[in-house]
Amino acid sequence: MRFAFVTLAPLAFAVALASPSAAQPVEEASAGRSSPSAAQPAAPAAPAVDDFEERLVLDTGRKPPPPPDPTRSTFSFQGEYQLRYRAMSDLPLRAPPLSAPGATTLGQSQYIAHWLRLSPRFHFKDKASIVAQIDVARGLIAGDTTRDVEQVRDARAALAWYEVHPRALYLEVPWALGVVRVGQQSAHWGMGLVVNDGEHASVFGDYERGSLMERVLFAATPMGKGGPLHVTVAGDLVFEDNAADLLGNDVEGQDEGEGDRAFQAVVSALWRERRGEIGIYGAMRRQARERRAKTSPARFSEVLTSGILDVAGRFNAPVPGGRAHVYGELEAAVILGAASFAPSGPPPPSGHAFGRSPVTVRSVGGAATLGAVHVAGRGARPAARWGRVVTEIEAGYASGDDDPTDGVSRRFTFDPSHNVGLLLFDEVLAWKTARAATIAERELFAASPEPGIRSMPSKGGVPGAAYVNPRIIVRPARWLDLKAGAVIAEATSDLVDPYGAPRAGGSLANYDGGDSRRRDLGVELDLGVDARIAMGRLVTLQFGTEAGVLFPGGAFDDAAGAELPDQYLLTLKLGVIH
């Protein structure tokens with residue numbers, strides 16, 4: 001597996017350098033995937049009939065928002081409603097101390113969930129725009145709830161179909177070489193491993209909340225309008241992302257702290273040509289949260305200071321003599337800094353949670369995709385074409401941490417909205433890490449704050465693992481997708497529960513108390529069908545189903561050596577897009 005990533009990543013990166021892509025904006029800081037580039041507020045010109053387009057690979061049925069009219073003010077409205085029914089194996093988990101009978105599993109084997117996302121836009125001619133987006137209803141409608149995983153966001157521990165989540169409300173003003181945006185915005189960079197707007201669809205799985213910022217952004221094309229160089233500068237107060245929550249609602253039940261105050265400065269530059277792009281993203285972040293003990297008024301701060309350097313690129317090229325394209329993308333990131341809330345194991349017997357020394361943060365991660373699409377359909381309009389057969393392979397790497405006591409935090413976790421399969425990362429590892437965090441909270445720190453436990457759950461991202469993920473989509477008709485995929489993964493370090501040593505007789509153990517040296521995470525197989533039916537020009541109906549089976553590896557064996565049973569998941573999907 002390491003060989004697959006090492007060979008694939010340089011290949012994709014070399015091609016990207018040779019012919020960088022026209023796919024992704026510098027950093028999307030807007031409400032919606034199809035929004036204009038940060039440095040090009042006007043709608044892009046229609047592609048030529050032989051150009052590569054993202055919809056040839058993954059067609060969601062979404063329409064781009066209408067561009068501003070320079071002669072009059074306009075209002076546009078887009079939205080989607082998504083309904084999901086999921087049935088899955090009741091995942092075995094380590095039981096918390098003094099728990100009720102039945103706590104040896106997650107407790108959830110089926111549920112119905114939904115979300116309604118609305119995206120209105122008002123354009124004052126082409127002088128200024130107000131863009132908004134909100135999830136006005138989101139949550140669990142019916143079915144089973146989880147138990148003893150309250151130390152994670154979106155724990156699905158209660159039926160709550162009516163949750164409201166604001167995502168964007170900002171003013172956009174174009175200027176000669178770009179735009180200025182002020183307000184709450186979503187952000188996306190590269191493949192979405194670190195910064196993900198929660199709007200990019202994937203072959204399997206659903207997108208999540210996303211990276212939301214209270215932001216002032218300046219974007220420009222210094223080499224002139226339409227030039228290849230795109231530069232973005234932004235200052236942020238993080239509203240919500242994979243590491244912070246301004247309102248303090250990221251953890252249910254046990255968390256008695258306040259919201260995170262995460263400030264960051266962001267600079268990115270992108271060189272874009274017709275067949276590709278290559279760019280670099282940098283951010284400096286300072287994050288703090290005031291905490292207090294459960295049994296006393298004593299207070300302390302959890303603090304993170306870090307720098308992120310992220311390189312991303314894309315390319316596409318036509319296949320000579322055939323109606324096909326090859327394409328690829330790459331993202332590689334490094335995070336350096338110091339944190340007082342990175343998981344670092346229980347404090348020494350004479351230590352105190354308030355006085356824990358900060359740990360050094362050194363983590364790296366990356367992914368690369370290489371694919372080909374055969375194009376069907378003919379006609380003068382680009383919309384008359386679609387991708388008949390899509391084959392691609394993605395390989396990824398996230399550094400792990402096998403020693404929680406050495407003062408260095410090395411675990412890298414992808415953003416949960418970058419989906420890899422259906423089960424291994426989105427379900428099994430997500431709930432294993434969430435239960436481990438809950439056990440640590442109850443067992444180790446009953447009367448004191450829980451340093452590092454908030455950052456322990458992976459929330460569905462790829463945590464400390466390497467994987468290969470081949471995928472194929474066959475479209476017998478433009479509106480019908482038949483898809484299949486596989487995930488083969490292993491941990492990049494010993495799989496260690498950083499708070500589990502006292503429960504394992506003093507030795508390091510995995511999340512089930514088993515041998516942490518077993519790194520094989522298993523093999524996952526996924527199948528799915530998606531259909532899109534256009535109801536006139538305004539509404540598209542989506543129907544689909546996805547199913548997956550995970551054959552777990554030895555990394556999930558428990559203290560007695562018992563293997564984790566095979567895990568299954570079935571999803572029925574219904575969507576309405578306007």
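The values are calculated or read from the model by the stated rules, or taken from the named source; none is laboratory data. Bear in mind that the values here come from a model prediction, so they are computed numbers and not experimental data. Backbone-built Cβ (ideal geometry, glycine too); neighbour counts: all protein chains shown.
Things to note:
A quick yes/no check of all residues on (1) in contact with a helix residue (DSSP H, G or I) (Cβ under 9 Å, 6 or more places away or on another chain); (2) at pLDDT 95 or above; (3) surrounded by 17 or more Cβ atoms within 10 Å (Cβ to Cβ):
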| position | (1), (2), (3) |
| --- | --- |
| 355 | no, no, no |
| 381 | no, no, no |
| 414 | yes, yes, yes |
| 435 | no, no, yes |
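- Reported count of residues in the stretch 98-118, each being in contact (Cβ under 8 Å) with a residue 24 or more places away in the chain, part of a strand (DSSP E or B) and farther than 27 Å from residue 575 by Cα, is 0.
- Only one of the listed residues (138, 153, 121) is in a strand (DSSP E or B) and at pLDDT below 95. That residue is 138.
- Residue in the stretch 527-540 that is of a type in the set (S, T, N, Q) and under 23 Å from the mean Cα position of the chain (by Cα) present: no
- Filter result for the condition that a residue is crowded, with 23+ Cβ neighbours inside 10 Å and polar (S, T, N, Q), over 184, 151: 151
- The set of residues in the stretch 76-91 being crowded, with 19+ Cβ neighbours inside 10 Å and more than 30 Å from residue 62 (Cα to Cα) consists of 89, 91.
- Selected residue (only one of 100, 31, 38 is modelled with pLDDT under 85, on the phi < 0 side of the Ramachandran plot, surrounded by fewer than 16 Cβ atoms within 10 Å (Cβ to Cβ) and aliphatic (A, V, I, L, M)): 100
- Residue 139 over 20 Å from residue 422 (Cα atoms) and either more than 22 Å from the chain's Cα centre (by Cα) or crowded, with 18+ Cβ neighbours inside 10 Å (or both): no
- Of everything listed in (1) surrounded by fewer than 15 Cβ atoms within 10 Å (Cβ to Cβ); (2) at pLDDT below 95, the single unmet condition for residue 305 is (1).
Yes/no per residue for (1) among the hydrophobic types (A, V, I, L, M, F, W, C); (2) modelled with pLDDT of 95 or more; (3) more than 30 Å from residue 428 (Cα to Cα):
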{"residue": "66", "(1), (2), (3)": "no, no, yes"}
{"residue": "88", "(1), (2), (3)": "yes, yes, no"}
{"residue": "94", "(1), (2), (3)": "no, no, no"}
{"residue": "114", "(1), (2), (3)": "no, yes, no"}
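- Test for residue 389: is it surrounded by 17 or more Cβ atoms within 10 Å (Cβ to Cβ) and not in a helix (DSSP H, G or I): no
- Members of the stretch 535-578 found to be part of a loop (DSSP other than H, G, I, E, B), of a type outside the set (D, E, K, R) and either more than 24 Å from residue 202 (Cβ to Cβ) or without any contact (Cβ under 8 Å) to a residue 40 or more places away in the chain (or both), listed by number: 536, 538, 559, 560, 561, 562, 564, 565
- Pairing each residue of the stretch 398-412 that is under 18 Å from residue 489 (Cβ atoms) and touching a residue at least 60 places away in the same chain (Cβ under 8 Å) with any residue that is polar (S, T, N, Q) and surrounded by 24 or more Cβ atoms within 10 Å (Cβ to Cβ), provided the two are 6+ apart or on different chains, yields C-beta distances under 8 Å for 398/413; 398/492; 399/492; 400/492; 401/409.
- Any hit, the stretch 212-226, residues being in a loop (DSSP other than H, G, I, E, B), surrounded by 24 or more Cβ atoms within 10 Å (Cβ to Cβ) and within 16 Å of the chain's Cα centre (by Cα): no
- Scanning the stretch 132-168 for residues that are farther than 18 Å from residue 94 by Cα and either in contact with an Asp or Glu (Cβ under 6 Å, 6 or more places away or on another chain) or of a type in the set (Phe, Trp, Tyr) (or both) yields a count of 6.
- No other residue among 195, 238, 179 is of a type outside the set (Phe, Trp, Tyr), surrounded by 20 or more Cβ atoms within 10 Å (Cβ to Cβ) and under 30 Å from residue 472 (Cα atoms) apart from 195.
- Enumeration of residues in the stretch 156-168 that are part of a loop (DSSP other than H, G, I, E, B) and among the charged types (D, E, K, R): 156
- Scanning the stretch 92-113 for residues that are within 13 Å of residue 144 (Cα to Cα) and of a type outside the set (Phe, Trp, Tyr) turns up 105, 106, 107, 108, 109, 110, 112, 113.
- Among the residues listed as 512, 481, 497, the single one being in a strand (DSSP E or B), buried (at least 21 other Cβ atoms within 10 Å of the Cβ), out of contact with any His (no Cβ under 9 Å at 6 or more places or on another chain) and at negative phi: 481
- Filter pass, residue 95 being of a type in the set (Gly, Ala, Ser), without any contact (Cβ under 8 Å) to a residue 60 or more places away in the chain and out of contact with any Ser or Thr (no Cβ under 8 Å at 6 or more places or on another chain): no
- Criterion: touching a Ser or Thr at 6+ places or on another chain (Cβ under 7 Å) and crowded, with 17+ Cβ neighbours inside 10 Å - qualifying residue of 540, 492: 492
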